[in-house]
Amino acid sequence: MKNNLRLKSLIAFSLLIFMMPFLQTCSDKAIRKHLCIQADEVNSEFETKISKIGEIEKNKAIVQSKKSKEECQSCLDKTKKENTFNLYQLGFVHYDEFESRYLTDKTFYIFLNFTIIILLTFSMLILSFKRKFKRIIIISLISLILLIIATISLCLIGVIENLNQIKYGYYFFIVNSILIIIQCRLEKTDYKKY
């Protein structure tokens with residue numbers, strides 16, 4: 001009984017893990033490239049203004065330049081947060097305004113894996129109450145395989161350019177899935193004894 005509570009807790013914890021940051025869909029390099037283009041335009045304007053003004057005004061302009069660099073860094077952080085999604089957002093991103101043209105989009109099927117993972121986790125929670133340990137092990141393995149396939153696919157199409165784009169929720173989910181498998185095996189042997 002105590003072990004079954006652990007298993008249910010681990011599966012419920014998976015549903016909480018899905019709220020953690022999972023994936024940053026735009027790399028830092030691409031974000032910086034976009035922001036640098038905007039910053040270069042500002043810097044070229046700044047340099048033309050400096051050549052036309054006096055010494056006191058140059059010092060003021062340098063201070064403003066430092067402030068604009070800080071603003072650029074805060075804009076970079078803000079853009080990173082905007083492009084970082086949890087698993088629920090990844091899983092249901094294509095269903096807001098679904099159109100048939102999404103079926104031809106190659107990322108639709110990759111993100112469909114995330115939807116399936118969420119649904120499989122809910123089914124594992126239901127199966128834990130019915131003590132179907134073998135099915136939970138199989139579903140947990142399927143979830144891990146789908147996550148790995150989706151990650152490799154996103155790497156191949158260029159959405160994930162750097163491993164830093166994979167956030168801590170992803171790793172927590174992998175560890176938690178392995179713990180679920182281990183706990184199911186323990187409960188399966190204990191359940192057979194009684």
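The values are calculated or read from the model by the stated rules, or taken from the named source; none is laboratory data. Worth saying up front: this structure is predicted, and the values here are computed from it rather than measured. Quick reminder, even Gly has a Cβ in these numbers, built from the backbone with ideal geometry, and neighbours come from all protein chains shown. Please note that ligands, DNA and RNA were not included when accessible areas were found on the heavy atoms of the full protein model with its side chains. Shrake-Rupley method; radii C 1.70, N 1.55, O 1.52, S 1.80 Å.
The requirement of being of a type in the set (Val, Ile, Thr), at pLDDT 90 or above and either touching a helix residue (DSSP H, G or I) at 6+ places or on another chain (Cβ under 6 Å) or closer than 30 Å to LEU5 by Cβ (or both) is not satisfied by ILE160.
Quick check: anything in the stretch 40-54 at pLDDT below 70 and outside any helix (DSSP H, G or I)? Taking every residue of the stretch 40-54 in turn, at least one turns out to be at pLDDT below 70 and outside any helix (DSSP H, G or I).
Being closer than 22 Å to GLN24 by Cβ and among the β-branched types (Val, Ile, Thr) narrows it down to one residue among ILE178, ILE118, ILE136, ILE145; which is it? Give the derivation first.
Values: ILE178 fails: closer than 22 Å to GLN24 by Cβ; ILE136 fails: closer than 22 Å to GLN24 by Cβ; ILE145 fails: closer than 22 Å to GLN24 by Cβ.
Residue meeting the stated conditions: ILE118.
What helices (runs of 4 or more DSSP H) lie completely within the stretch 87-194 and have 2 or more residues being charged (D, E, K, R) and under 23 Å from LEU10 (Cα atoms)?
133-157, 168-193
Taking the criterion of being surrounded by fewer than 17 Cβ atoms within 10 Å (Cβ to Cβ) and under 19 Å from ILE149 (Cβ atoms), the residues of the stretch 160-174 that qualify are GLU161, LEU163, LYS167, TYR171, ILE174. For the stretch 110-123, the set of residues classified as of a type in the set (Phe, Trp, Tyr) and surrounded by 15 or more Cβ atoms within 10 Å (Cβ to Cβ) consists of PHE111, PHE114, listed by residue number. Taken together, ILE145, ILE136, ILE149, ILE118 contain a single residue that is within 20 Å of LEU186 (Cβ to Cβ) and among the hydrophobic types (A, V, I, L, M, F, W, C), which is ILE136. Note on the stretch 124-141: residues that are under 23 Å from the mean Cα position of the chain (by Cα) and either over 30 Å from GLN183 (Cα atoms) or exposed (fewer than 15 other Cβ atoms within 10 Å of the Cβ) (or both) amount to 1.
Pairs are defined by a Cβ separation below 7 Å, a sequence spacing of at least 6 or placement on different chains, a first member in the stretch 85-100 that is at pLDDT 75 or above, and a second member that is open to solvent by 30 Å² or more (accessible area, probe 1.4 Å) and not basic (Lys, Arg); the pairs so defined are PHE85/THR25; ASN86/MET19; ASN86/MET20; ASN86/PRO21; TYR88/MET19.
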